[in-house]
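S.K.: Structure below; questions to follow.
No lab work stands behind these numbers, since they all come straight from the coordinates. Everything numeric in this text was worked out from a predicted model, so none of it was measured. Neighbour counts are summed over all protein chains in view; Cβ atoms, including those assigned to glycine, are modelled from backbone coordinates with ideal geometry.
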Amino acid sequence: MPRYAFEDFTPGSARMLGPTVVTKEALLAFAREYDAQPFHVDEVAAKDSFIGTLIASGWHTCSINMRLLADEVILDSTSLGSPGIEEVKWLKPVRPGDALRSRMTILESRPSASRPSLGLVRFQFEMLNQEDEAVFAQKNWIMFGRRDAEPVRGSGPGVLSAAAAAMPDHTPARELPHISSNPYFEDLVIGETEELGSHTFTPDDIIGFARQFDPQRFHVDAEAAKDSLFGGLCASGWHTASAWMKQMVGYRDRIRAYALAHGGRPARLGPSPGFSNLKWLKPVYAGDTITYRTTVSSKRASASRPGWGLVFHHNTGTNQHGEEVFAFDGMVFWERRA
């Protein structure tokens, strides 16, 4: 019998998860696979970057928080997955050697109106480093089975979509036309969309990521997954998000190579302060191919960082059936034209 069911998460209660140390090797390994920007993978290049030193990918920080939660709560619970993330703030850089703890607070809980065997719990996480500085903050919902209720099996796509749609600020699916890219902050046009690329999630790919960061049974065991809410092996939501970042970096690398080949220098990207309104709308199953797109939604000059602007973007992932499985609103510092 799992220790934690829906009824065990009391609003107002809090506990500390961790600590865990971010090694340089782990920082580089994640970045090389999913977020190979210079300030994540190259100590020399990082000195000339926005931050000035080697730092962890923000998606790595999210995944570390997921692992702490999995080890100390989720793996001994009736967890049925998450429909998405309300908001993440990357408050301070995470550097090699940092020891991270995560303060978990239960904000609220509510039984499911449509499925009496499960309920939703709203969490807040605040990650602290060894200096007790907050480096990361997150708010999100997680679905849990109710104690002594019959297990929910095989209805994951419908349950996930309904829960994601009920989250605040839901962004409806829409067609995203392809428009050519522009390199500098001043050149970016609101409403422009780019197709970043596609990623196929193989079983080994799914299990490898999940064993590191999110080892719930429906992410690591194909046989056990058949008897789960989702009915089959599916990717961790953080894996889906990290694959978006990988496609974004690959797209920017292609832009950079084209500019350099034609005697130009493309704009640099700085770090991201965070994101909001992330939705895992449908499960990503083994064998699915997800195509990622990004649309410029707004921009403004940075008051605190001369030479930089802040660009806001809406991002989606669509599977081979044309179904939107993933969406979020992000922001990033973008170099202005000299």
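S.K.: Using only the alpha carbons, work out the radius of gyration and Dmax of the chain in angstrom.
M.R.: Radius of gyration, then largest Cα-Cα span, for the chain: 19.8, 67 Å.
S.K.: Principal axes first, then extents: for the Cα atoms of region 29-100, list largest minus smallest coordinate on each axis, whole Å, largest first.
M.R.: Cα spread of region 29-100 along its principal axes, largest to smallest: 46, 24, 22 Å.
S.K.: Can you figure out the FRET efficiency of residue 32 with residue 202, using R₀ = 25 Å and their beta-carbon distance, to the nearest 0.05? Don't jump to the answer; show the numbers that get you there.
M.R.: Details: r = 19 Å, r/R0 = 0.75.
Working from the Cβ atoms, E equals 0.85.
S.K.: Put +1 on the Cβ of every Lys and Arg and -1 on every Asp and Glu Cβ in the chain; which of 128, 208, 317 then has its Cα farthest towards the positive end of the dipole?
M.R.: 128
S.K.: Please return the longest range in the chain lying between exposed loop sites, taking trypsin sites (Lys or Arg not before Pro), DSSP loop only, at most 14 other beta-carbon atoms within 10 Å, and leaving the sites out. Numbers along the way, then the final one.
M.R.: Numbers: sites that count: 3, 47, 147, 153, 174, 337.
Between exposed loop sites, the widest span is 175-336.
S.K.: With axes computed from alpha carbons, what is the tilt in degrees of helix 156-166 against the longest principal axis of the chain, rounded to the nearest 10 within 0 to 90?
M.R.: Helix 156-166 sits roughly 70 degrees off the main axis of the chain.
S.K.: Could you tell me how many degrees, from 0 to 90 and to the nearest 10, lie between the Cα long axis of helix 58-72 and the main elongation axis, the longest principal axis, of the Cα atoms of the chain?
M.R.: The helix 58-72 is inclined about 20 degrees to the chain.
S.K.: Along the charge dipole of region 1-93, Cβ charges K/R +1 and D/E -1, which of 46, 11, 80 sits furthest on the positive end?
M.R.: 46
S.K.: Which one of 140, 243, 276 has its Cα pushed farthest toward the positive end of the charge dipole of the chain, where Lys and Arg give +1 and Asp and Glu give -1 at the Cβ?
M.R.: Looking along the dipole axis, the top candidate is 276.
S.K.: Take the Cβ-Cβ distance between residue 16 and residue 261 as r, set R0 to 51 Å, and report the resulting FRET efficiency rounded to the nearest 0.05.
M.R.: On the way: r = 51 Å, r/R0 = 1.00.
My answer for the efficiency is 0.50.
S.K.: Additional query: Roughly speaking, what is the stretch gain from residue 337 to residue 95, that is 0.36 nm per residue apart minus the C-alpha to C-alpha distance, in nm to one decimal?
M.R.: Answer, rounded to one decimal: 84.2 nm.
S.K.: Report the full-extension gain for the segment residue 320 to residue 291: residue separation times 0.36 nm, less the Cα-Cα distance, to one decimal in nm.
M.R.: Numbers: separation 29, 0.36 × 29 = 10.44 nm, distance 0.79 nm.
That pair, residue 320 and residue 291, stretches by 9.7 nm at full extension.
S.K.: Any idea how far apart residue 107 and residue 186 come out in nm if each label point goes 7 Å out from Cα toward Cβ?
M.R.: About 4.0 nm separates the two model spin labels.
S.K.: Work out, step by step, the length gained on full extension between residue 25 and residue 147: first 0.36 nm times the residue separation, then minus their alpha carbon distance; give nm to one decimal.
M.R.: Values: separation 122, 0.36 × 122 = 43.92 nm, distance 4.09 nm.
Answer, rounded to one decimal: 39.8 nm.
S.K.: Ok, one more. Report the rotationally averaged projected area of region 92-147 based on its alpha-carbon convex hull, in square nanometres.
M.R.: Working: hull surface 19.2 nm².
The directionally averaged projection comes out at 4.8 nm².
S.K.: Any chance you could check the Cα centroid distance between region 1-69 and region 74-89 for me, in angstrom?
M.R.: For region 1-69 versus region 74-89, the Cα centre distance is 16 Å.
S.K.: With axes computed from alpha carbons, what is the tilt in degrees of helix 24-34 against the longest principal axis of the chain, rounded to the nearest 10 within 0 to 90?
M.R.: Rounded to the nearest ten degrees, it is 80.
S.K.: Take the alpha carbon atoms of region 193-251, find their center, do the same for region 295-323, and report the distance between the two centers in whole angstrom.
M.R.: 23
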